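Presented below is the structure to which this report refers.
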């Protein structure tokens, strides 16, 4: 697979700007760890060095329909630009202010990156290799780089893991708000146009998957009629919620839907409400977060976010509710929800005070909780779409390129884009009982019923 992707001595020397004696390539992720790109772990030995430099190369998939999905949303280039331009700007403005204690971005550094667009690839004189589109970073799993690890996605976050996560989310969001305030730009997308995500294309592409997973979730919870009704209600507002929270038209205007009135028990609207918009991670589930652990206690002490392909500028609760309802153990979430939210609120407030900037419009603990309550619908949608894939039984997982190739060879699709849609629709198919998935879904939708959201 490495040679097929195009990882060669010449490529590595060009990317790393070093003379290489030898290198070793291993799979950079396990089945079920990711769904769009390929990951390769590479140990590189340079002249005069006994120990290797451990890196990860993230590159395009080999399959055409998976490539076209990335092209449609521009997600690979977005991640590259986040590392190359957005995050360095978030650090530079703090340095320009003369701050002694720089707030670090909770993300790894980038070593090298390159992107060739679909149009540019058509003009290449030599065949395109998957690795030509690459993001190279330190391999966080290596001992020399901190020995970070993923949390087992089947366990869900416990108290210690999630405290780190929501604090880091608050830091990222608050830094982006501080950057806007200090530089005087009203919107990040003005200076960083790559943040204008093509959510209309991506969400419509995965709509077959969304529809299939709604049916699956109802079948899994068939013995819980109130929760099934909640899923049916969610299905009726799913498109509107997507349009409202990711700022594109998906039928919500014609239906008169707002963030307040789409709830089962609608909230009263606030007159002249101003939106809260910050830089989001965008795909904030557990497999996009890596933890460093204390060697003596085994307790997590730091989290870094990875995979910024859906980074955008939107409502902070898109990140918060995604993680809370997709990646948390249900009992932990229910027991400690208020304290989790308080960590976020206090961290965001403290950073605003540190930079001597105004808070988000209408910022208060009461308003924070009001906006959080209505955004729970985001967590419900992402649970229905994501959990059947994320928690799929390991022995049912398949190589993604092989599965995508098989979909293309069925002859049902007229192009790679349509084949990609069908491919994603089949990702969650399962023939096995899954008690972990059922418990997580039941936890989410019981809460939604109790809270009057669905």
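Could you say whether any residue in region 364-382 is surrounded by 14 or more Cβ atoms within 10 Å (Cβ to Cβ) and at pLDDT below 80? Taking every residue of region 364-382 in turn, none turns out to be surrounded by 14 or more Cβ atoms within 10 Å (Cβ to Cβ) and at pLDDT below 80.
Out of 302, 295, one residue alone is under 30 Å from residue 109 (Cβ atoms), surrounded by fewer than 17 Cβ atoms within 10 Å (Cβ to Cβ) and at pLDDT 95 or above. It is 302. When residue 48 is tested against (1) modelled with pLDDT under 85; (2) touching a helix residue (DSSP H, G or I) at 6+ places or on another chain (Cβ under 9 Å); (3) not in a helix (DSSP H, G or I), only condition (2) is not met.
Please go through region 314-337 and pick out each residue that is in contact with a strand residue (DSSP E or B) (Cβ under 6 Å, 6 or more places away or on another chain) and farther than 24 Å from residue 140 by Cα. Of everything in region 314-337, those that are in contact with a strand residue (DSSP E or B) (Cβ under 6 Å, 6 or more places away or on another chain) and farther than 24 Å from residue 140 by Cα turn out to be 314, 316, 318.
I'm trying to understand the selection: among the residues of region 311-322, which are in a helix (DSSP H, G or I) and crowded, with 24+ Cβ neighbours inside 10 Å?
Correct list: 317, 319, 320, 321, 322.
Within region 43-61, the residues that satisfy the criterion of being buried (at least 18 other Cβ atoms within 10 Å of the Cβ) and free of Cβ contacts under 8 Å to residues at least 60 places away in the same chain are 44, 52, 53.
Listed here are the residues, each with its yes/no results for (1) surrounded by fewer than 13 Cβ atoms within 10 Å (Cβ to Cβ); (2) within 26 Å of residue 357 (Cβ to Cβ).
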residue: 87; (1), (2): no, yes
residue: 105; (1), (2): no, yes
residue: 119; (1), (2): yes, no
residue: 131; (1), (2): no, no
residue: 134; (1), (2): no, no
residue: 141; (1), (2): no, no
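So, of the residues in region 422-436 that are under 20 Å from the mean Cα position of the chain (by Cα) and either modelled with pLDDT of 80 or more or more than 16 Å from residue 63 (Cα to Cα) (or both), which turns out to be surrounded by the most Cβ atoms within 10 Å (Cβ to Cβ)? Residue satisfying both the conditions and the ranking: 428. Is it true that residue 166 is surrounded by 15 or more Cβ atoms within 10 Å (Cβ to Cβ) and modelled with pLDDT of 95 or more? Yes: the conditions hold for residue 166. The numbered conditions (1) assigned to a helix (DSSP H, G or I); (2) within 25 Å of the chain's Cα centre (by Cα); (3) touching a residue at least 12 places away in the same chain (Cβ under 8 Å); (4) under 23 Å from residue 449 (Cα atoms) are all true for residue 236 except (3).
The set of residues in region 71-88 being more than 14 Å from residue 311 (Cα to Cα) and either free of Cβ contacts under 8 Å to residues at least 40 places away in the same chain or over 21 Å from the mean Cα position of the chain (by Cα) (or both) consists of 88 alone. Out of everything in region 383-403 that is closer than 17 Å to residue 208 by Cβ and at pLDDT below 80, what residue ends up being farthest from the chain's Cα centre (by Cα)? The extreme case among them is 403. Among the residues of region 186-223 satisfying the criterion of being surrounded by 16 or more Cβ atoms within 10 Å (Cβ to Cβ) and out of contact with any helix residue (DSSP H, G or I) (no Cβ under 6 Å at 6 or more places or on another chain), which is nearest to residue 390 (Cα to Cα)? The residue in question is 207. Against the numbered list (1) crowded, with 20+ Cβ neighbours inside 10 Å; (2) at pLDDT below 95; (3) in contact with a helix residue (DSSP H, G or I) (Cβ under 7 Å, 6 or more places away or on another chain), residue 64 comes up short only at (1).
The values are calculated or read from the model by the stated rules, or taken from the named source; none is laboratory data. The model shown is predicted, which means the values in this text are computed figures rather than measured ones. All Cβ positions, even for glycine, are placed from backbone atoms using ideal geometry, and neighbour counts span all protein chains on display.
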